[in-house]
Amino acid sequence: MNKTKGFLCVIISAFIFGFTPILCKLTYSGGSNAIMLVFLRNSMSLPIMYAILKYKKISLKINWKEFKRLFILSIFSTILTALLLYISYNFISVGMATTVHYVYPILVALVLVIFFKERITKIQIFSLAISFIGVLLFFDGGSSLNFVGLFIAFVSGISYGMALIYMDKSGLKDYHPLLVTFYTCVFASIVLFLVTIISGKFTLYLTPTAWMYSFIVSILTSVIGISFMQIGVRNIGPTTTSILCMFEPITSVLMGIILLNEPISFKNILACALILLAVLILTIFKEKNSNLQ
């Protein structure tokens, strides 16, 4: 396994998923909504992914077993996770939603240990503890909290954690990442189109800026972000991937400061430092162990 490639892909993926929520929230002011945005995020990327798969001569043929596995993955990774997280933006800030979403590394580690009897190393536990403390520091105890938004963001974290585990245990991590992403987006587009129609959330009356942001979000998340995350799971496993993905809240905080002029506190700086320290420790020890093998 190429550990360095796995680390880089996950970090890039985390940066993308930390940056795009800002664009997501901007589309709402241009006439979009959470369900419509997730539908566009999946459907707008399909022609590009199809062209790339054809150019690389990657077969699109799948059997019934693969069909079922990809459909289940799409429910967790590209429908529930994104939909719940985007809905939470209507109740709480992007930074707060991203922070609450990142309970999933704890859940991934616990599920793997309890149900799959996997051994978690002391370094992983230490990195997990430091990074989780960092995430907790993002909370501002003096602000009023919307617990509906917090709960929705929390459930989105559970869904994402389950997607990482399912991808690892179902064998889908060994498939070409773009092929997996293509089919999960196909299934998600069909399901979400029906959901938008039934819920009355389907709309084409978006501003040009909202359409542009929706397209950018689609390409960054569905084509690049998800594919890079899958490469990370394949090369370094779901536990390490979930820890490295904590670059996402750091990105959200920094992008909020740069693009939305959001204030920064000492607690935010300390939180970022702790998460970066956890990632650095994990990376160093992973590479050291890899070189000794």
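The values are calculated or read from the model by the stated rules, or taken from the named source; none is laboratory data. The shown structure was predicted, so the numbers you read here are calculated from the model rather than taken from an experiment. Don't worry about glycine lacking a Cβ; one is built from the backbone with ideal geometry, like all the others, and counts go over all protein chains shown. Heads up: the accessible areas ignore ligands, DNA and RNA and are worked out on the full protein's heavy atoms, side chains in. Shrake-Rupley method; radii C 1.70, N 1.55, O 1.52, S 1.80 Å.
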Q) Does residue 206 fit the bill of being over 20 Å from residue 24 (Cα atoms) and hydrophobic (A, V, I, L, M, F, W, C)? A) no
Q | segment 246-293, subset open to solvent by less than 30 Å² (accessible area, probe 1.4 Å) and modelled with pLDDT under 75, residue nearest to residue 102 (Cα to Cα) | A | 246
Q. Hey, any hits in segment 212-224 for a residue that's without any contact (Cβ under 8 Å) to a residue 40 or more places away in the chain and not β-branched (Val, Ile, Thr)?
A. yes
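Per-residue answers, yes or no, for (1) assigned to a helix (DSSP H, G or I); (2) among the polar types (S, T, N, Q); (3) open to solvent by 40 Å² or more (accessible area, probe 1.4 Å):
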| site | (1), (2), (3) |
| --- | --- |
| 4 | yes, yes, yes |
| 7 | yes, no, no |
| 61 | no, no, yes |
| 86 | yes, no, no |
(Q) Which condition from (1) farther than 28 Å from residue 23 by Cα; (2) out of contact with any Leu (no Cβ under 8 Å at 6 or more places or on another chain); (3) part of a helix (DSSP H, G or I); (4) open to solvent by 50 Å² or more (accessible area, probe 1.4 Å) is the one that residue 69 breaks? (A) (2)
Q) Conditions: (1) within 13 Å of residue 82 (Cβ to Cβ); (2) at pLDDT below 90. Residue 42 meets all but one. Number of the miss? A) (2)
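Could you tell me which residue of segment 1-30 is modelled with the lowest pLDDT, considering only residues that are β-branched (Val, Ile, Thr) and farther than 15 Å from residue 248 by Cα?
Taking segment 1-30 and keeping what is β-branched (Val, Ile, Thr), we get 4, 10-12, 16, 20, 22, 27.
Cutting the leftovers down to farther than 15 Å from residue 248 by Cα gives us 4, 27.
Numbers: 4: 81, 27: 93.
Once the filter is applied, the top-ranked residue is 4.
Among the listed residues 51, 82, identify the single one that is small (Gly, Ala, Ser), open to solvent by 20 Å² or more (accessible area, probe 1.4 Å), out of contact with any Leu (no Cβ under 6 Å at 6 or more places or on another chain) and in a helix (DSSP H, G or I).
On the way: 82 fails: open to solvent by 20 Å² or more (accessible area, probe 1.4 Å).
Testing whether each residue is small (Gly, Ala, Ser), open to solvent by 20 Å² or more (accessible area, probe 1.4 Å), out of contact with any Leu (no Cβ under 6 Å at 6 or more places or on another chain) and in a helix (DSSP H, G or I) leaves just 51.
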Q. Among (1) without any contact (Cβ under 8 Å) to a residue 40 or more places away in the chain; (2) within 17 Å of residue 226 (Cα to Cα), which single condition is residue 64 missing?
A. (2)
Q: Report, by residue number, each residue of segment 210-222 that is surrounded by 21 or more Cβ atoms within 10 Å (Cβ to Cβ) and under 20 Å from residue 12 (Cα atoms).
A: 213, 214, 217, 218, 221, 222
(Q) Need the failing condition index for residue 109 against (1) open to solvent by less than 30 Å² (accessible area, probe 1.4 Å); (2) within 21 Å of residue 255 (Cβ to Cβ); (3) at pLDDT below 90; (4) of a type in the set (Gly, Ala, Ser), just the number. (A) (2)
